[in-house]
Amino acid sequence: MAISSMPSATLAGKALPPERTALSQVVQKCLSCISVHLHETISLDLLSRRCGLCGRSLSIRFKEEMHMGIPEYIHREKLREAAYLLRHTDYSLSEITVCLNYPSQSCFTQIFRKYRSVTPQQYRNAVR
């Protein structure tokens with residue numbers, strides 16, 4: 001199966017911080033843009049152009065509403081997708097690295113381990 005046809009685990013409805021029940025339209029648009037472009041390089045410039053705010057204003061609003069910065073949110077979403085692919089596909093770590101647009105497999109492994117406390121291969125072995 002080609003990487004471009006990999007199934008997506010990205011959820012349309014994002015989990016909201018516990019104390020918030022609604023997000024501003026700007027932050028919703030930002031979340032949607034991240035979801036659509038998850039398999040590409042996502043820059044603050046891209047997000048700010050799509051959301052109609054300067055990067056600084058978007059970053060501030062996003063952090064206020066989501067209680068985390070944009071880069072951390074993007075890492076979490078990419079890792080959620082990676083976990084799905086590790087559980088439900090036989091794609092190699094290098095294929096998942098390319099699919100999620102990480103610069104290298106070692107970078108992907110380092111970030112995965114930082115957030116999940118295990119390597120991608122250890123995670124795959126544990127959930128299968």
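The values are calculated or read from the model by the stated rules, or taken from the named source; none is laboratory data. Keep in mind that this is a model prediction, so the values were computed, not measured. Note that we place each Cβ from the backbone using ideal geometry, even for glycine, and neighbour counts take in every protein chain shown.
Mind listing whichever residues of region 85-114 are surrounded by fewer than 16 Cβ atoms within 10 Å (Cβ to Cβ), hydroxyl-bearing (Ser, Thr, Tyr) and in contact (Cβ under 8 Å) with a residue 40 or more places away in the chain?
THR89
Every residue in region 109-123 that is out of contact with any Ser or Thr (no Cβ under 8 Å at 6 or more places or on another chain) and more than 17 Å from CYS99 (Cα to Cα), please.
Residues of region 109-123 out of contact with any Ser or Thr (no Cβ under 8 Å at 6 or more places or on another chain): 110-111, 114-118, 121-123.
If the condition is that a residue be out of contact with any Ser or Thr (no Cβ under 8 Å at 6 or more places or on another chain) and more than 17 Å from CYS99 (Cα to Cα), then LYS114, TYR115, ARG116, SER117, VAL118, GLN122, TYR123 are the ones that fit.
For the subset of region 34-61 comprising residues that are closer than 15 Å to LEU100 by Cα and of a type outside the set (S, T, N, Q), which member is surrounded by the fewest Cβ atoms within 10 Å (Cβ to Cβ)? Before you say what the answer is, go through the steps one by one.
Our first condition is that a residue be closer than 15 Å to LEU100 by Cα; within region 34-61, this holds for 34-43.
Now drop any that are not of a type outside the set (S, T, N, Q), which leaves 34, 36-40, 42.
On the way: ILE34: 21, VAL36: 12, HIS37: 16, LEU38: 19, HIS39: 17, GLU40: 10, ILE42: 20.
It comes out as GLU40.
Considering only residues that are among the charged types (D, E, K, R) and closer than 22 Å to ASN125 by Cβ, look in region 77-92 and name the one that is nearest to the chain's Cα centre (by Cα). Spell out how you get there, then give the answer.
Let us first name the residues in region 77-92 that are among the charged types (D, E, K, R), namely 77-78, 80-81, 87, 90.
Those still in the list that are closer than 22 Å to ASN125 by Cβ too: 78, 80-81, 87, 90.
Details: LYS78: 3, ARG80: 7, GLU81: 7, ARG87: 17, ASP90: 20 Å.
My answer is LYS78.
Please go through region 93-109 and pick out each residue that is assigned to a helix (DSSP H, G or I) and more than 18 Å from ALA126 (Cα to Cα). Steps first, answer last, please.
At the first step, the residues of region 93-109 found to be assigned to a helix (DSSP H, G or I) are 93-99, 105-109.
Result: SER94, GLU95, THR97, VAL98, CYS99, GLN105, SER106, CYS107, PHE108.
Go through GLU64, GLU19 for me and flag whichever is surrounded by fewer than 17 Cβ atoms within 10 Å (Cβ to Cβ) and either in a helix (DSSP H, G or I) or modelled with pLDDT of 95 or more (or both).
On the way: GLU19 fails: either in a helix (DSSP H, G or I) or modelled with pLDDT of 95 or more (or both).
One residue alone meets the criteria, GLU64.
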